[in-house]
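> Attaching a single structure in structure tokens format; questions to follow.
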Amino acid sequence: MAGLFVTATDTEVGKTVVAGAVAAGLRARGLSVGVMKPLASGGVVDAAGYLAAEDAVFLMRAAGVPEIERPLVNPVCLAPALTPAVAAAESGVTIEMAAVTAAYRRLAARYRLMVVEGVGGMAAPLWEDYLVADLAGAIGLPLLVVARPNLGTINHTVLTVDYARRRGLTVAGVVLNCWDEARAGVLERSNAAYIERLTAVPVLGRLPRSAAVSVPAGRTEGLAAMAEKYLDLDAIFKVMEGNRHERC
Ligand SMILES: Nc1ncnc2c1ncn2[C@@H]1O[C@H](COP(=O)(O)OP(=O)(O)OP(=O)(O)O)[C@@H](O)[C@H]1O
Ligand SMILES: [Mg+2]
């Protein structure tokens with residue numbers, strides 16, 4: 001199956017924005033792109049009275065996926081803003097990971113490319129001792145790691161890539177989010193260089209902060225243009241397509 005699993009060095013680093021940008025950019029190139037947020041916590045009750053995940057709503061807007069697909073895009077949505085394993089236990093909910101991966105396969109059969117957003121970082125517990133790394137392995141897509149550009153990011157990114165590899169996963173690239181080109185100095189530039197040198201993973205984008213984009217507000221304006229300008233979409237597309245025959 002062809003696509004990308006978007007993870008990060010931590011929660012709130014920009015997985016949803018980067019995943020949305022990749023989806024919007026590829027869609028703008030005329031490609032059929034599906035999205036998924038397999039598990040979400042911190043869900044909010046929407047206007048229709050349903051518990052909704054902001055990440056799923058944002059990703060669907062970015063990719064132009066219709067609202068009717070939401071149960072497959074986001075099969076598990078929990079109210080407590082806790083890691084899903086704990087949010088589920090607190091809510092008295094049992095998470096069936098087989099049902100989550102089945103939803104992925106149904107979606108993947110409908111779209112040429114899939115962009116799947118993880119939860120937190122690679123070792124976040126999803127259900128009991130089943131971690132994000134286990135889900136990434138079950139889904140079988142290469143990883144894109146979203147990282148911060150600032151101090152501490154070399155350590156977080158190297159640990160994330162090393163852990164993913166030890167779990168048998170392929171890391172295709174790193175994207176530095178909230179990159180400020182005008183202000184980037186020796187710290188930010190050396191971070192990017194060190195990440196490439198220590199991980200042997202290419203930095204496939206430096207995405208700036210955009211006032212027009214907001215996950216909580218569901219604002220995706222300009223994402224496709226940002227993806228074209230600041231991400232190496234050609235390389236990202238190649239990675240996604242390159243996975244097509246690896247696993248079905
Ligand atoms: N490039 C950007 N431009 C504008 N806002 C951004 C950008 N990147 C992140 N944000 C904002 O920062 C917050 C965190 O980003 P995001 O939701 O993408 O992180 P995440 O890694 O997906 O978090 P989670 O672990 O909760 O899923 C959001 O409110 C989002 O709107
Ligand atoms: Mg997110």
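> Taking every DSSP beta bridge that has both residues in the chain, what percent is antiparallel when rounded to the nearest 5?
Values: 7 of 30 bridges.
The answer is about 25 percent antiparallel.
> Next up: So for the pair ARG219, GLU196, with labels modelled 7 Å out along Cα→Cβ, what separation do we get in nm?
Calculated label separation equals 3.3 nm.
> Using all alpha carbons of the chain, what is the percent of pairwise distances in each 10 Å bin, ordered from the shortest bin to the longest?
Spelled out bin by bin, the chain gives 8, 35, 39, 17, 2 percent.
> Can you tell me, using C-alpha contacts under 8 Å and at least 6 residues apart, the relative contact order of the chain as a whole percent? Let's see the in-between values first.
Working: 514 pairs, mean separation 71.3, N = 248.
Here the relative contact order equals 29 percent.
> Pick from VAL45, VAL100, VAL57: which residue has the top mean-square fluctuation in a GNM of the chain where Cα pairs under 10 Å get a spring?
Among VAL45, VAL100, VAL57, the largest GNM mean-square fluctuation belongs to VAL45.
> Something else now. Can you find, among THR83, LEU26, THR9, the residue farthest towards the positive end of the dipole of the chain? Put +1 on the C-beta of Lys and Arg, -1 on that of Asp and Glu.
Checked the options; the winner is LEU26.
> Find the Cα radius of gyration of region 128-181, compare it with 2.2 N^0.38 Å by division, and give the number to two decimals.
For region 128-181, the normalised Cα radius of gyration is 1.23.
> Where in region 1-97 are there chymotrypsin sites (Phe, Trp or Tyr not before Pro) that are in a DSSP coil and have at most 15 other Cβ atoms within 10 angstrom of their Cβ?
In loop regions of region 1-97 (DSSP not H, G, I, E or B), the sparsely surrounded chymotrypsin sites (Phe, Trp or Tyr not before Pro) are TYR50.
> While we're on this one: Using a 1.4 Å probe, how large is the accessible area of THR83, given in Å² and rounded to the nearest 10?
The accessible area of THR83 comes to roughly 50 Å².
> Further, regarding this structure: Could you pull out the GluC sites (Glu not before Pro) across region 118-194 that fall in loop regions by DSSP (anything but H, G, I, E, B) with no more than 14 other Cβ atoms inside 10 Å?
GLU128, GLU181
> For the full complex of protein chains and a 1.4 angstrom probe, list TYR104, TYR130 by accessible area with the highest value first.
Output order, biggest surface exposure first: TYR130, TYR104.
> Rounded to the nearest 20 Debye, what is the dipole magnitude of the chain about its Cα centre when Lys and Arg each give +1 and Asp and Glu each give -1 at the C-beta?
640
The values are calculated or read from the model by the stated rules, or taken from the named source; none is laboratory data. Keep in mind the model is a prediction, meaning the values are calculated, not measured. Note that each Cβ is placed from the backbone with ideal geometry, even for glycine, and that neighbours are counted across all protein chains shown. Only protein heavy atoms, including side chains, enter the accessible area calculation; ligands, DNA and RNA are left aside. Shrake-Rupley method; radii C 1.70, N 1.55, O 1.52, S 1.80 Å.
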